[in-house]
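One structure below.
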Amino acid sequence: MNPVLSKDSVFSYFAGMATPLQKALLEEWLRHPAHVELYFEWLEEWEAGQPQLIPDVDVAFTHFSNRLAEPAAEHETATPGPAPLRRARRLGWIAAATITLLLTAWWQRAQILEKTYETGPGQVSAVKLADGSRVVLNANSVLTVPRWGFGTDTRDVRLNGEATFSVRHTVDHRRFTVTLPDQSKVTVLGTEFVVYARPRGTHVVLNRGKVQLTSPANPRPLAMKPGERATILPAGHVKVENLTPAQAESERSWEEHRFVFDHTPLQEVATRMNEVFDVHVYIEDKALARRELTGTYPATTAEELLDILSEMLDIEVKKQKKKLLLLPRRNTY
């Protein structure tokens with residue numbers, strides 16, 4: 001069953017005027033992923049005309065916990081019979097229901113207040129934000145954006161993975177900030193840059209414009225220039241280096257599903273494949289792991305790139321459970 005709901009019906013639900021039948025239809029309607037985004041669009045439209053208060057769940061939960069810890073009022077007189085027991089049970093149910101509601105609100109708060117763009121293995125996706133900025137996400141990346149007020153109240157986003165940002169300058173000169181998993185931040189007004197933020201490290205490449213980079217170990221903003229790559233080292237310090245135009249361009253080659261290597265050890269190539277395709281490429285032979293690869297190779301899947309490597313380096317690919325083992329062919333060494 002795929003019920004069709006009008007905007008007026010959903011608005012009635014937001015206003016608390018929906019009938020039991022309308023609520024049941026809405027629940028069935030929301031089981032379809034395509035309707036969820038429409039639901040939030042209508043909710044934003046309804047909220048604009050009906051300003052609502054979003055409660056501070058942290059404060060509410062702390063206040064309620066303190067109330068539960070308070071001793072009973074001394075002036076309250078006990079009533080003989082089963083009334084106190086009934087009252088205690090009733091208060092217990094109320095307390096349990098309140099805690100459940102608060103925890104549910106806390107858990108769903110991010111889903112309500114934020115919008116998430118996510119890519120899978122080997123996938124590249126372009127996103128146009130409400131302020132006119134454009135973001136291209138590389139594979140296995142997540143971009144989180146405020147669902148409401150983006151471009152007017154805030155221009156703060158979060159990135160986990162890899163992306164190219166083309167940030168549009170606004171009339172009011174509002175800053176655009178990208179927060180990374182290690183709590184580093186890239187702050188700009190309008191520019192184009194590439195961000196790499198994965199478990200093995202973080203770096204930012206500035207193509208044009210200006211950005212400021214901060215990290216927990218370097219809270220003082222570091223101003224970058226076009227053509228520079230800033231790498232955040234394990235200790236939190238920032239290393240800046242100048243790139244050639246070709247090197248800078250290679251940092252975003254993944255937008256066209258191209259892999260660019262320049263005397264890159266095969267072990268580094270394998271690590272890159274693991275990040276992009278979510279596979280487990282493993283090299284036991286140390287000499288093979290040190291072999292270098294140079295060139296540009298188009299590939300949209302791990303299998304395509306492995307076929308190229310197999311022919312170029314004369315290696316064998318063997319599947320072992322969930323791993324892809326790279327081996328030198330027999331009689332090669």
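The values are calculated or read from the model by the stated rules, or taken from the named source; none is laboratory data. Quick caveat, the model's predicted, so the values are computed rather than measured. Cβ placement follows ideal geometry from the backbone for every residue including glycine, while neighbour counts extend to all protein chains displayed. Ligands, DNA and RNA are excluded from the accessible area calculation, which covers all protein heavy atoms including side chains. Shrake-Rupley method; radii C 1.70, N 1.55, O 1.52, S 1.80 Å.
In table form, for the structure just shown:
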read-out	value
The range 224-274 and the range 142-203: distance between their alpha carbon centers, rounded to Å	19
Set of lysines near LYS225 by C-alpha distance (under 26 Å), chain-local residues within fewer than 8 positions excluded	LYS128, LYS185, LYS210, LYS239
Linear extension gain, GLU27 paired with VAL142, 0.36 nm per residue minus alpha-carbon span	38.6 nm
Using a Förster distance of 35 Å, the FRET efficiency for ALA15-GLN123 (Cβ separation, nearest 0.05)	0.35
Probe 1.4 Å, all protein chains present, accessible-area order of MET224, MET17, largest first	MET17, MET224
Shape call, the range 239-333: gyration tensor on alpha carbons, a/c limit 1.5	prolate
Separation of the ARG134 and ASP285 label points, Cα + 7 Å toward Cβ, nm	4.4
Overall form of the range 185-235 per C-alpha gyration tensor (a/c, 1.5; a/b vs b/c)	oblate
Heavy-atom SASA rank of TYR282, TYR39 (probe 1.4 Å, accessible area, largest first)	TYR282, TYR39
Gain upon complete extension [ALA235, THR296; 0.36 nm per residue less C-alpha separation]	18.7 nm
Principal semi-axes in Å for the range 153-250 [√(5λ), Cα gyration tensor, largest first]	19, 17, 12
Under 24 Å from LYS321, Cα to Cα: lysines that are on another chain or at least 8 residues apart	LYS286
